[in-house]
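A short write-up of the structure that comes next.
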Amino acid sequence: MSAAKEVLAQAFDVSITEVPDDAGMETFTPWDSLGHLKVIAAIEEKIGRDLNTEEVLAVIDLASIEKLIAGVHRV
Amino acid sequence: MTANARPILETERYRLRILTPADATPRYLGWLNDPQVTRYLESRHRPNGLDDIRAYITSHDGHAGFLLGIFTKTGEHVGNYSMRIDLPNAVGTLGVMIGDRDHWGRDVVLETRAAMLHYAFETLRLHKVCGACLSTNLPAIYNYRRQGWAHEGIRREQAIGDGGSRVDVVMFGMLARDWRQRREMEQEK
């Protein structure tokens, strides 16, 4: 889950140790509606391409980010 | 289906009430002429003046259509909800605009839309409420996902977005039973 944690740490400019194992929309305080812009941008930077609509919809927590980075969600 | 045609909905920080033509103010008009506010709204395609706003307000009859303003507790108008209802099928379609950019990023939609859904399901007795947004409207997608709306489909290249590019429209839905189940789970936490 470290790659996904790196994404959230970069998005919110915090240390990776400050990203909890259960980080998600509902549990990670910095991840609000405007913060979501930063999350999507950080994922796109990490994987080197824009996310398509289905991929954007999949982003809700660390596990979903990890799958995107691993290419599992790619449509 | 019965409803108070002039509902007033209270949340922790906001009050929602039916708009009247008197609410067509220069402040409201300013939102519709702010490209950042209208970037993801259908109103970006229309000319907007005070008369247009009054006509829009009165197009909601309080039966098959409700237009509620979002006000702070001190009476500052910050945005609107429009609900159009398919009466035979008891399905509503809900749209939202937060016009006052000072209130962006403050969970206004999460807080106030919960009140709208409660009104839709428990007072209007709707079976379902639908919503939609451009695929590029990431804050809106966040709010739908965070609030537990079901993602019901993608209308490919349905709209024209920034710079004239074609963008998808994402469809969401909330059933009354799903909303009640979610509220019960939240109360048990």
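Couple of notes before you dig in:
- GluC sites (Glu not before Pro) within region B:1-70, DSSP loop, no more than 13 other Cβ atoms inside 10 Å: B:Glu12
- Looking at the protein assembly as shown alone, DSSP beta bridges between its own residues are antiparallel in about 95 percent of cases.
- The simple Förster model, with R0 at 25 Å and r as the Cβ-Cβ distance, assigns A:Ala3 and A:Ala41 a FRET efficiency of 0.95.
- Cβ charges +1 (Lys, Arg) and -1 (Asp, Glu), total dipole of region B:8-188, debye: 180 debye
- Ranking B:Val129, B:Leu117, B:Leu41 by how far each Cα lies toward the positive end of the dipole of region B:8-188 (charges on Cβ) leaves B:Val129 at the top.
- Ranked order, B:Thr136, A:Thr29 - accessible area, probe 1.4 Å, largest first: A:Thr29, B:Thr136
- Here chain A is assigned +1 on the Cβ of each Lys and Arg and -1 on the Cβ of each Asp and Glu. Its dipole about the Cα centre then comes out at about 240 debye.
- Shown are A:Thr17, B:Thr58, B:Thr20, whose ranking by accessible area with a 1.4 Å probe and every protein chain present, most to least, is A:Thr17, B:Thr58, B:Thr20.
- Relative contact order of region B:8-188, defined on C-alpha pairs under 8 angstrom at six or more residues apart (%): 17 percent
- Residues of region A:4-48 that lose at least 40 Å² of accessible area (1.4 Å probe, protein heavy atoms only) when the other protein chains are present, relative to their chain alone, are A:Met25, A:Glu26, A:Asp32, A:Ser33, A:Leu34, A:His36, A:Leu37.
- Computed from backbone phi, the HN-Hα couplings of region A:7-19 come to 4, 5, 5, 5, 4, 10, 6, 10, 6, 4, 6, 8, 8 Hz, rounded to whole numbers (Karplus: 6.51 cos²θ - 1.76 cosθ + 1.60, θ = phi - 60°; Gly and Pro given as x).
- Over chain B, all Cα pairs binned in 5 Å intervals from 0 give whole-percent P(r) values of 1, 7, 16, 20, 21, 19, 11, 4, 1, 0, listed from short to long.
- Value of relative contact order over region A:2-70, rounded to a whole percent, pairs C-alpha under 8 Å and six or more apart: 39 percent
- Shown for the protein assembly as shown is the translational diffusion coefficient from the Stokes-Einstein equation, using the Kirkwood radius over Cα pairs, a temperature of 10 °C and a viscosity of 1.306 mPa s: 81 µm²/s.
- Counts of other chain beta carbons within 10 angstrom of each beta carbon in peptide B:70-82 average 0.
- Rg(Cα) / (2.2 N^0.38 Å) computed for chain A, rounded to two decimals: 0.96
- Peptide-level mean, for A:52-65, of C-beta atoms on other protein chains within 10 Å: 3
- Residue-by-residue Karplus 3J(HN,Hα) for region B:38-45, coefficients 6.51, -1.76, 1.60, Hz, glycine and proline x: 8, 3, 10, 9, 5, 5, 5, 8
- Under 5 Å between amide hydrogens, built in the peptide plane, is the criterion, and for B:Phe172 it picks out B:Gly131, B:Ala132, B:Glu152 among residues at least 5 positions away or on other chains.
The values are calculated or read from the model by the stated rules, or taken from the named source; none is laboratory data. Since the model is a prediction, treat every value here as computed from it, not as a measurement. With ideal geometry, Cβ positions are generated from the backbone for all residues, glycine too; neighbour counts draw on all protein chains shown. Areas reflect the complete protein model, heavy atoms only, side chains present, ligands, DNA and RNA absent. Shrake-Rupley method; radii C 1.70, N 1.55, O 1.52, S 1.80 Å.
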